[in-house]
Amino acid sequence: MPVGFTQAVCDSACLGSSLRAFRNKTQSHSRGEYNVYSTFQSHEPEFDYLKSLEIEEKINKIRWLPQKNAAQFLLSTNDKTIKLWKISERDKRPEGYNLKEEDGRYRDPTTVTTLRVPVFRPMDLMVEASPRRIFANAHTYHINSISINSDYETYLSADDLRINLWHLEITDRSFNIVDIKPANMEELTEVITAAEFHPNSCSTFVYSSSKGTIRLCDMRASALCDRHSKLFEEPEDPSNRSFFSEIISSISDVKFSHSGRYMMTRDYLSVKIWDLNMENRPVETYQVHEYLRSKLCSLYENDCIFDKFECCWNGSDSVVMTGSYNNFFRMFDRNTKRDITLEASRENNKPRTVLKPRKVCASGKRKKDEISVDSLDFNKKILHTAWHPKENIIAVATTNNLYIFQDKVN
């Protein structure tokens, strides 16, 4: 496990409905300095007149598409509408038009006596973001997940009760592949919380539920995947049963490993690793903040118990990472079984500052470098985490800031 992470770039204002992309100043990752590459407005507030509901512009998910040419493409979604964006660069401009002046005004064709060959002249780098596709009007409920297929032609979008399959080139129709809405809504017992495509098998995907189950489906079996191929569920320990059991067992995120052999799920208190060949229990369980079990009542009262934490793998699938409260984030090494708690803080905003491990004291006498569980700030939380697919570079998002850290360079 990388034990020495240094701060690469500190903060970025929380943009809500805007997207801000960062790029490393140099091609080498040895210097961790990032500049704002592009900022653009992704969604605008809308109003559903049929249901008299305001649709927030807040972005729920962002997914990059694999780069195929000089431009970058990404999908972004709010509660109802998904957009495909193209981010491209321009550092040359054409000059010497025959029918246009340099300021853009059109010339009278009768005044043109000679023909010129237009040429490209260097200009300051301009980064443009343009919406290429808009996928709308397919979800009745709030979209919580988007996942790009390994064929790079299709993607899925999931809301509370349905999952739709889209083609990236077709905006006016999608195929409903999962529908768990009962005929009588009073019979509703669970909702979809996350969904993701398998990284290698384009017909396989999983979705998780608020009851703590994960269903693996194969689209080759039927057009509507109302029958799952596999059901992953851990039997509940009766001794731990409480009023909060169902709430804290709800899965907030599911991620396949890069190899496709395992998947990781995040519930309120733990991260679990599942082998796709074993459905009855996870092969690994990591407690993220077990010390909060005694605080569930107060966390329920302030609604923190409903927070949805994401999780991610490192490039080799040997380390997993997820967020916690007090701007803490945790890493678990699957090979050595070691874990580490780090803090994303503005106090460490100098580049290449080495992060010091943090520890929470659950009870008893507190040591010098420990923080008491009663001192944790539940308004500071890291819900979103990401790990570079090849480098030891991570990004964590707090309430108002984005932090990028990289493995310490000697």
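If we keep just the residues of region 57-115 that are touching a Leu at 6+ places or on another chain (Cβ under 9 Å) and of a type in the set (Val, Ile, Thr), which is surrounded by the fewest Cβ atoms within 10 Å (Cβ to Cβ)?
Here the residue is VAL112.
Determine which single condition LEU19 fails, assuming it passes every other condition in (1) at pLDDT below 85; (2) farther than 18 Å from HIS384 by Cα; (3) crowded, with 18+ Cβ neighbours inside 10 Å; (4) not charged (D, E, K, R).
Tallying (1) at pLDDT below 85; (2) farther than 18 Å from HIS384 by Cα; (3) crowded, with 18+ Cβ neighbours inside 10 Å; (4) not charged (D, E, K, R), LEU19 fails exactly one: (2).
Look at VAL127 and say whether it is within 27 Å of LEU65 (Cβ to Cβ), aliphatic (A, V, I, L, M) and either over 20 Å from the mean Cα position of the chain (by Cα) or exposed (fewer than 10 other Cβ atoms within 10 Å of the Cβ) (or both). Walk me through it before giving the result.
On the way: within 27 Å of LEU65 (Cβ to Cβ): yes; aliphatic (A, V, I, L, M): yes; either over 20 Å from the mean Cα position of the chain (by Cα) or exposed (fewer than 10 other Cβ atoms within 10 Å of the Cβ) (or both): yes.
Spelling it out, VAL127 is indeed within 27 Å of LEU65 (Cβ to Cβ), aliphatic (A, V, I, L, M) and either over 20 Å from the mean Cα position of the chain (by Cα) or exposed (fewer than 10 other Cβ atoms within 10 Å of the Cβ) (or both).
Please count how many residues of region 201-239 are more than 16 Å from ILE180 (Cβ to Cβ), among the aliphatic types (A, V, I, L, M) and surrounded by 16 or more Cβ atoms within 10 Å (Cβ to Cβ).
1
Inside region 235-284, can you point out the residues that are polar (S, T, N, Q) and either in contact with a Leu (Cβ under 9 Å, 6 or more places away or on another chain) or more than 20 Å from ALA386 (Cα to Cα) (or both)? Lay out the reasoning, then the answer.
Applying the first criterion (polar (S, T, N, Q)) to region 235-284 yields 239-240, 242, 245, 249-250, 252, 257, 259, 265, 270, 277, 280.
SER239, ASN240, SER242, SER245, SER249, SER250, SER252, ASN277, ASN280 - these are the residues of region 235-284 that are polar (S, T, N, Q) and either in contact with a Leu (Cβ under 9 Å, 6 or more places away or on another chain) or more than 20 Å from ALA386 (Cα to Cα) (or both).
I'd like to verify a number: residues in region 364-407 that are open to solvent by 30 Å² or more (accessible area, probe 1.4 Å) and among the aromatic types (Phe, Trp, Tyr), how many?
So the answer is 1.
Just give me the residues in region 163-177 being of a type in the set (Phe, Trp, Tyr) and under 12 Å from ARG133 (Cβ atoms), in sequence order. Break it down into steps so the answer makes sense when it comes.
We begin by selecting, within region 163-177, every residue of a type in the set (Phe, Trp, Tyr); these are 166, 175.
Listed by number, the list holds a single entry, TRP166.
State which residue is farthest from LYS230 (Cα to Cα) when the search covers only region 257-300 and only residues that are open to solvent by 20 Å² or more (accessible area, probe 1.4 Å) and among the basic types (Lys, Arg).
LYS295
What are the residues in region 294-311 that are charged (D, E, K, R) and under 26 Å from the mean Cα position of the chain (by Cα), if any? Full working, then the answer.
Step one: filter region 294-311 for residues charged (D, E, K, R), giving 295, 301, 303, 307-308, 310.
Matches in region 294-311: ASP303, ASP307, LYS308, GLU310.
In the set ASP151, ASP172, ASP160, which member is within 30 Å of ILE247 (Cβ to Cβ) and open to solvent by 50 Å² or more (accessible area, probe 1.4 Å)?
Values: ASP151 fails: within 30 Å of ILE247 (Cβ to Cβ); ASP172 fails: within 30 Å of ILE247 (Cβ to Cβ).
Residue meeting the stated conditions: ASP160.
The values are calculated or read from the model by the stated rules, or taken from the named source; none is laboratory data. The model shown is predicted, which means the values in this text are computed figures rather than measured ones. Ideal geometry is used to build each Cβ from the backbone, glycine not excepted, and the neighbour counts take in all protein chains shown. When the accessible area is computed, the model is the full protein with side chains, heavy atoms only, and any ligands, DNA or RNA have been set aside. Shrake-Rupley method; radii C 1.70, N 1.55, O 1.52, S 1.80 Å.
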